[in-house]
Amino acid sequence: QKEVEQNSGPLSVPEGAIASLNCTYSDRGSQSFFWYRQYSGKSPELIMFIYSNGDKEDGRFTAQLNKASQYVSLLIRDSQPSDSATYLCAVNGRGSTLGRLYFGRGTQLTVWP
Amino acid sequence: ETGVTQTPRHLVMGMTNKKSLKCEQHLGHNAMYWYKQSAKKPLELMFVYSYEKLSINESVPSRFSPECPNSSHLFLHLHTLQPEDSALYLCASSQDRGRSMPYGYTFGSGTRLTVV
């Protein structure tokens, strides 16, 4: 059973702060990791993906991957109220489950002005 | 503007009704998915179509029946549903390039289904 765990939150940070979202996964063989943002009542939107250990930066977003610890995180710098949403971590399947993404429950982030 | 379009956006149906959800993707992708999203639960994969063939059925009850007539269209046929089937149903597509690492999904806006 592949599991993706996230703190459900809510995580509340002031505007301008760094928001840190964490995710752990159970399948050591997973190779692709995705972060989706979902606004209330909307569909998930891909914001970052990472395949290799280390950091990947895109604007205010940084994804961090540590395969040895089976841990992936998302940092949002200079958080804005518009970043308030639920953030979903997703991990790929492999072998017989190739093509399948496993999602965590999501972390609800609130950025207050 | 999403490249994956789902209709209807909202659907209320009785337990004896038959209805269908429709998904259309304009991205040239070769894989399409149905997911169920319920409150307080992770996204649940229901079906995967790859090159118009059903490749994954996650032990979904037979009251849900998928159909993929071509690479751009995906349907979810519903009949004799239960109130606990009320949820947001999301369609997604991706480009399966045969690599070990799948490309990310593009999701549609979803259909909010209420079974009464």
| In whole Å, what is the distance between the alpha-carbon centres of region B:42-116 and region B:12-36? | 6 Å
| query | What number comes out for the charge environment of A:LEU46, summing +1 per Lys or Arg and -1 per Asp or Glu over other residues with Cβ under 14 Å away? | reply | +1
| request: Would you kindly find the accessible area of B:SER38, with a 1.4 Å probe and non-protein molecules such as ligands, DNA and RNA excluded, rounding to the nearest 10 Å²? | output: 20 Å²
| task | For the pairs A:LYS67/B:LYS36; A:LYS42/B:LYS36; A:LYS56/B:LYS36; A:LYS42/B:LYS22, note any where the Cα-Cα span goes beyond 23 Å. | result | A:LYS67/B:LYS36; A:LYS56/B:LYS36
| task | Compute the distance in nm between two label points, each set 7 Å from the Cα along the Cα-to-Cβ direction, one at B:MET15 and one at A:LYS42. | result | 3.7 nm
| said: As a test question: what accessible area, to the nearest 10 Å², does A:ARG77 have when a 1.4 Å probe is rolled over all protein chains in place? | reply: 70 Å²
| query | With θ set to phi - 60° and the Karplus curve 6.51 cos²θ - 1.76 cosθ + 1.60, what are the ³J(HN,Hα) couplings of region A:43-54 in order, to the nearest whole Hz, using x for Gly and Pro? | reply | 8, x, 10, 5, 10, 8, 9, 8, 10, 10, 4, x
| message | From the protein chains alone at 1.4 Å, what is the descending order of accessible area for A:TYR71, B:TYR89, largest first? | response | A:TYR71, B:TYR89
| message | Which one, A:GLY93, A:GLY59, A:GLY29, has the greatest fluctuation when you compute a Gaussian network model over chain A with C-alpha springs under 10 angstrom? | response | A:GLY59
| note | Averaged per residue, the 1.4 Å probe accessible area of the protein assembly as shown, protein heavy atoms only, in Å², is roughly 48 Å²
| query | How well do other chains shield peptide A:101-107, expressed as the mean number of their Cβ atoms within 10 Å of each residue Cβ? | reply | 4
| query | With θ set to phi - 60° and the Karplus curve 6.51 cos²θ - 1.76 cosθ + 1.60, what are the ³J(HN,Hα) couplings of region B:18-29 in order, to the nearest whole Hz, using x for Gly and Pro? | reply | 10, 9, 9, 9, 10, 9, 9, 10, 10, 9, x, 6
| note | So, with points 7 Å from each Cα along the Cβ direction, the A:ASN7-B:LYS22 label distance in nm works out to 4.5 nm
| note | GNM on chain A, Cα springs under 10 Å; top mean-square fluctuation among A:SER30, A:SER69, A:SER52 goes to A:SER69
| Total Å² of accessible surface buried at the B-A contact, 1.4 Å probe, nearest 100? | 1800 Å²
| task | Please give the average number of partner chain Cβ atoms lying within 10 Å of the Cβ of each residue in A:40-47, rounded to a whole number. | result | 5
| From the phi of every residue in region B:41-57, what ³J(HN,Hα) in whole Hz does the Karplus formula 6.51 cos²θ - 1.76 cosθ + 1.60 yield, where θ is phi - 60° and glycine or proline is x? | 10, x, 4, 10, 6, 10, 9, 10, 10, 10, 6, 6, 10, 5, 10, 9, 10
| said: Can you list, by residue number, the Cys in chain B that have no neighbouring cysteine C-beta under 4.7 Å? | reply: B:CYS68
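The values are calculated or read from the model by the stated rules, or taken from the named source; none is laboratory data. Remember, it's a predicted structure, so these values are computed and weren't measured experimentally. Glycine also receives a Cβ, built like all others from the backbone with ideal geometry; neighbour counts cover every protein chain displayed. Quick note on the areas: whole protein, heavy atoms, side chains included, nothing else; ligands and nucleic acids left out. Shrake-Rupley method; radii C 1.70, N 1.55, O 1.52, S 1.80 Å.
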